[in-house]
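The values are calculated or read from the model by the stated rules, or taken from the named source; none is laboratory data. Keep in mind that what you see is a predicted model, and the values were worked out from it rather than measured. When we count neighbours, we look across all protein chains shown, and the Cβ atoms used for this are built from the backbone with ideal geometry, even at glycine.
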Amino acid sequence: MRSAFDFTPYRRSTVGFDRLFDFLETATRSEQGDNYPPFDLEKVSDDAYRITLAVAGFRPEEIDITARQNMLVITGRKTESRNKDGNYLHMGIATRAFERRFELADFVRVEKADLSDGLLSIELIREIPEAMKPRRIAINSGPAQTIDASNDRSEQIEQQPERDSAAA
């Protein structure tokens with residue numbers, strides 16, 4: 001069974017949709033089955049979102065959040081020091097390094113990030129520029145205006161042969 005879809009025929013017949021096809025292709029690829037750390041994605045309001053990652057055991061200085069154009073990258077690097085003395089019989093709390101990527105829509109930016117009780121919450125907000133927001137156009141309802149056609153052009157045509165004969 002084929003798991004990937006080929007968007008090449010669509011790329012050839014469309015203009016300006018490259019980002020959309022890139023997004024669809026990366027979404028269809030599996031993330032190597034790695035679901036660490038688990039996360040929630042929440043729509044807070046029409047233009048506000050929240051990503052919450054379970055990062056138990058990580059301190060704020062061990063987590064890096066980078067926002068690039070249309071991409072949010074969250075990485076965690078733990079300095080492992082808990083098994084130096086060898087007293088652990090079982091180590092089940094995951095402290096491995098991670099990287100999570102989130103594709104952001106246009107005009108979405110990171111508002112703030114908080115780490116509390118082992119949960120990293122990242123607030124996102126969509127700010128559409130004024131020039132791109134829909135605006136209401138007023139319809140004038142004054143009296144109808146009539147445009148009178150003038151015979152200026154026909155007068156010019158009539159006068160032109162007289163000038164041509166005078167020049168000859």
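Output the residues belonging to the range 68-78 that are under 26 Å from Leu20 (Cβ atoms) and buried (at least 17 other Cβ atoms within 10 Å of the Cβ).
Result: Leu72, Ile74.
Tell me whether the range 35-52 contains one or more residues that are modelled with pLDDT under 75 and either over 17 Å from Leu124 (Cβ atoms) or assigned to a loop (DSSP other than H, G, I, E, B) (or both). Give the derivation first.
Applying the first criterion (modelled with pLDDT under 75) to the range 35-52 yields none.
The answer is no, given that none of the residues of the range 35-52 is modelled with pLDDT under 75 and either over 17 Å from Leu124 (Cβ atoms) or assigned to a loop (DSSP other than H, G, I, E, B) (or both).
Output the qualifying pairs, or none if there are none: Cβ atoms under 7 angstrom, residues six or more apart or on different chains, first residue in the range 95-107 and closer than 17 Å to Asp40 by Cβ and in the same structural domain as Phe58 (by TED's automatic domain parsing), second residue among the small types (Gly, Ala, Ser) and in a strand (DSSP E or B).
Cβ pairs passing all conditions: Phe98/Gly76.
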